[in-house]
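Read the structure below first, then the notes.
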Amino acid sequence: MTRQMIRPSQFILVYGPGAILEGRRGPRIIPGLREGLLRGDVNPEDFEISDGGMLKAALDGKRIFKMPSKEMMKTEGVERPYRTAPFPRWRMCVNTSGHEGAYLLYYDRNPQGGPCPACGVGNPGATRFVRACPDGHMDEVDWYRLVHRGDECGGTARSGLPRALSGNDDTFYYRSGGPISSVVLECPRCGAKEGLGTAYGRPWPCSGRNPESEPPGSGKARRPGCSKNSRIIHRQASNLRMPVVETHFTTGPHVTGVHVCMKGGAVRAALFAPGRDPPGTREDALKTFEWLHEQGQLSADQMYDIRRSSWEVLKDAIDGARKKPEGGFGDMISGEFRGLLDAAENGAPPEGRSDSGQALFEVERNSTRGTILLGRELRVTPVRRLRTITAQTGFRRMIASGEAAGGPRSDGDGPEEAEEVDIGFDRNGHRWYPGVEFLGEGLFITAGNDVVRDSKAAREWRRTAKDGYSPHVSQHGLFRELDPAFVWWHTLAHALTRAVGEHAGYSSTSIRERVYVEGRRGGILLYATQPGNDGTLGGLISLAPHMDRILPAAMEEVLVCSGDPLCRRQEFKPGDLNGAACYGCLMNSETSCEHRNMWLDRHVLLDDPQ
């Protein structure tokens, strides 16, 4: 049994249930959390991430657990915590001398990968193609239906045909001249042929299969059917699986490890058990925490911070744990924005609090710098320490389905309508999602008032928002993305991310963004928190004094695009996702933009440049 190591952060941000890994013995699919990753002998409560409740509230009360590492799982008595399953199972033997000068495409019934049934060559490579639909379903390509065009194989085995091929409907010749358009598939029994290039562009009936929900080793594929059509797609295509993640920043005047650990499920249960008064003195509190530490609910580092904290700090943390945040995603974003604004003005944590443990949110007082951009006064605040919690709630398969099966094509049918596949699982009355937490740094940029001027482009965005817009393209069902203030700040975030990379040598995936709009006021947070990325050791915040040079450089890149005049001529209108924006001027790496490179417009940022 071969093994492949991936980091917990990779699981959350890149992979996860439904993703296809490339293994030494062929591709493998990651099953769902219940089916293959966290089995019944692992309790997610032992790995719960406490975020202060805001992300939990935004997820409608759902809980987050840390993806356990191999070392963590060993302590639980589990040797191999993550299981995978072979997918796709169709393989291709390139030993042309063994089957009439053609490649052989065949279905491998051996989960570990068996030899070619015709020539005996061991461990051929897997086919590059699968089929998927925008409702999140994925399955093997139906090669039999493709080659025979929906009919039955009407021929008899030719003389001299190897026995393994004469009575096997799961083998086909694959004759290739290079590009997909020149690939021809042929049935070795009846001689039926079909070009892969033609089939690749056609819609196919969807089987409704979710291979990630099938227990590894069961060998039973469930195909309930689906009203959408599927498309043949490369198994490594970036749009085959796009993770849906939610990120929350821990902000506040005194956010420390002590405050965070108080809001963990086990700690809250011990502190506020029915019929029991919460600790009234520091000594009573320490007795409770020492007991929790003995039960394995508090780590040694957490106990170190608790023991060195004053009663004032402990009481503040205990009282804060009583509060249950309410609201959804919008309330979480607003809370982050207000916390950043307050820290930019007053610093965080408050001065004189040396007994409250290590701060998880740190902004030096009087560190904000002013700068001018396009006649607007901006304020830049370096965030020295920033804690992020990112949870993966699902994924989307961004596939255009074409005509609906058995019905006409819908006007809005396309990849943007892809449904989210929920990856959570239920245990002990709670819904759980995998997550990861990081510490890093960031640059918070805001302005004292409205930055949007009365331009033609801004009026068009505002009119579209007022008239209504298809809700499936608006994140979390909100329409804030259509606000020209959001477009202005989002466009600036992309331009600035590119300029920072050119000015300081950051890679395109190192810096991520968060866009805030509240009323007519807005701001952006550019941050780097993932370990191993550029900018997590002070490099990002050290750029704050140089924004007077970096911002004008960003505007020069936006003013002139290599795609002009085509890019400049693009204007936003209802039905579009962007105005004047392309990969030559604004679009960044998909992992850097939490809005999938949508809601960008050079015209809004530059006030309708000529």
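The values are calculated or read from the model by the stated rules, or taken from the named source; none is laboratory data. Computed from a prediction, not measured in an experiment: that's the story for all the values here. Using ideal geometry, Cβ is built from the backbone for each residue, glycine included, and neighbour counts are taken over all protein chains shown.
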- For the subset of segment 258-288 comprising residues that are among the basic types (Lys, Arg) and at pLDDT 85 or above, which member is farthest from LEU360 (Cα to Cα)? LYS287
- Item | Failed item in (1) modelled with pLDDT of 90 or more; (2) crowded, with 20+ Cβ neighbours inside 10 Å; (3) farther than 22 Å from HIS99 by Cα; (4) in contact with a helix residue (DSSP H, G or I) (Cβ under 7 Å, 6 or more places away or on another chain), with ALA199 passing the rest | (1)
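Residue by residue through segment 87-101, note down the ones that are part of a loop (DSSP other than H, G, I, E, B) and more than 23 Å from PRO27 (Cα to Cα).
HIS99, GLU100, GLY101
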- Residue list for segment 99-134, filter: crowded, with 21+ Cβ neighbours inside 10 Å, within 26 Å of SER401 (Cα to Cα) and among the charged types (D, E, K, R): ARG131
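I'd like to know if segment 302-316 contains one or more residues that are within 24 Å of the chain's Cα centre (by Cα), more than 19 Å from GLU362 (Cβ to Cβ) and among the charged types (D, E, K, R). Quick ask: steps written out before the conclusion?
We begin by selecting, within segment 302-316, every residue within 24 Å of the chain's Cα centre (by Cα); these are none.
No, segment 302-316 has no match at all.
Filtering segment 599-610 down to residues that are crowded, with 21+ Cβ neighbours inside 10 Å and in a loop (DSSP other than H, G, I, E, B), which residue is farthest from the chain's Cα centre (by Cα)? Working first, answer last.
Going through segment 599-610, the residues crowded, with 21+ Cβ neighbours inside 10 Å turn out to be 599-605.
Then keep just the ones that are in a loop (DSSP other than H, G, I, E, B); that gives 599-601.
Numbers: TRP599: 18, LEU600: 20, ASP601: 24 Å.
Of everything passing the filter in segment 599-610, ASP601 is farthest from the chain's Cα centre (by Cα).
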- Message: Checking the structure you have, find out if any residue of segment 277-292 is in a loop (DSSP other than H, G, I, E, B) and closer than 18 Å to PRO349 by Cβ.
- Response: no
- Task: Hey, could you check segment 513-531 for residues that are at pLDDT below 90 and either within 21 Å of THR250 (Cβ to Cβ) or part of a strand (DSSP E or B) (or both) and say which is farthest from the chain's Cα centre (by Cα)?
- Result: ARG521
- Note on the structure: How many residues of segment 467-508 are at pLDDT 75 or above and outside any loop (DSSP other than H, G, I, E, B)? The answer is 24
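At pLDDT 75 or above, farther than 30 Å from ASP422 by Cα and in contact with a strand residue (DSSP E or B) (Cβ under 7 Å, 6 or more places away or on another chain): does that describe TYR174?
Working: at pLDDT 75 or above: yes; farther than 30 Å from ASP422 by Cα: yes; in contact with a strand residue (DSSP E or B) (Cβ under 7 Å, 6 or more places away or on another chain): yes.
Considered against the rule, which asks whether it is at pLDDT 75 or above, farther than 30 Å from ASP422 by Cα and in contact with a strand residue (DSSP E or B) (Cβ under 7 Å, 6 or more places away or on another chain), TYR174 comes out as yes.
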- Where residues in segment 236-257 are at pLDDT 80 or above and either over 28 Å from the mean Cα position of the chain (by Cα) or among the hydrophobic types (A, V, I, L, M, F, W, C) (or both), which of them is farthest from LYS315 (Cα to Cα)? ALA237
- Search segment 316-346 for residues being at pLDDT below 85 and charged (D, E, K, R), and hand back the single one that is surrounded by the most Cβ atoms within 10 Å (Cβ to Cβ). ASP316
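Being closer than 23 Å to LEU196 by Cβ and in a loop (DSSP other than H, G, I, E, B) is the filter here; which residues of segment 114-135 pass it? If you could, list the steps in order and put the result at the bottom.
Filtering segment 114-135 for residues closer than 23 Å to LEU196 by Cβ gives 116-119, 121, 124-134.
Of everything in segment 114-135, those that are closer than 23 Å to LEU196 by Cβ and in a loop (DSSP other than H, G, I, E, B) turn out to be CYS116, PRO117, ALA118, CYS119, VAL121, PRO124, THR127, ARG128, CYS133, PRO134.
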- Query: Which ones in segment 561-598 are charged (D, E, K, R) and either surrounded by 18 or more Cβ atoms within 10 Å (Cβ to Cβ) or over 25 Å from the mean Cα position of the chain (by Cα) (or both)?
  - Reply: ASP564, ARG568, ARG569, GLU571, LYS573
- Quick one: in segment 360-382, of everything that is of a type in the set (A, V, I, L, M, F, W, C) and surrounded by fewer than 18 Cβ atoms within 10 Å (Cβ to Cβ), which residue is farthest from SER310 (Cα to Cα)? LEU374
- Task: Run PHE87 past the list (1) modelled with pLDDT under 85; (2) farther than 30 Å from THR250 by Cβ and report the number of the one that doesn't hold.
- Result: (1)
- Listed by first then second residue, the pairs whose first member lies in segment 84-103 and is touching a residue at least 60 places away in the same chain (Cβ under 8 Å) and within 12 Å of PRO117 (Cβ to Cβ), whose partner is of a type in the set (A, V, I, L, M) and assigned to a loop (DSSP other than H, G, I, E, B), with beta carbons under 9 Å and at least 6 positions apart or on separate chains, are HIS99/ALA118
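Tally up the residues in segment 388-417 that are of a type in the set (A, V, I, L, M), surrounded by fewer than 23 Cβ atoms within 10 Å (Cβ to Cβ) and either at pLDDT 50 or above or over 19 Å from MET138 (Cβ atoms) (or both), please.
First pass over segment 388-417, keeping only residues of a type in the set (A, V, I, L, M): 389, 391, 398-400, 404-405.
Subsequent filtering for residues that are surrounded by fewer than 23 Cβ atoms within 10 Å (Cβ to Cβ) retains 398, 400, 404-405.
Still in the list and also either at pLDDT 50 or above or over 19 Å from MET138 (Cβ atoms) (or both): 398, 400.
Residues in segment 388-417 being of a type in the set (A, V, I, L, M), surrounded by fewer than 23 Cβ atoms within 10 Å (Cβ to Cβ) and either at pLDDT 50 or above or over 19 Å from MET138 (Cβ atoms) (or both): 2 in total.
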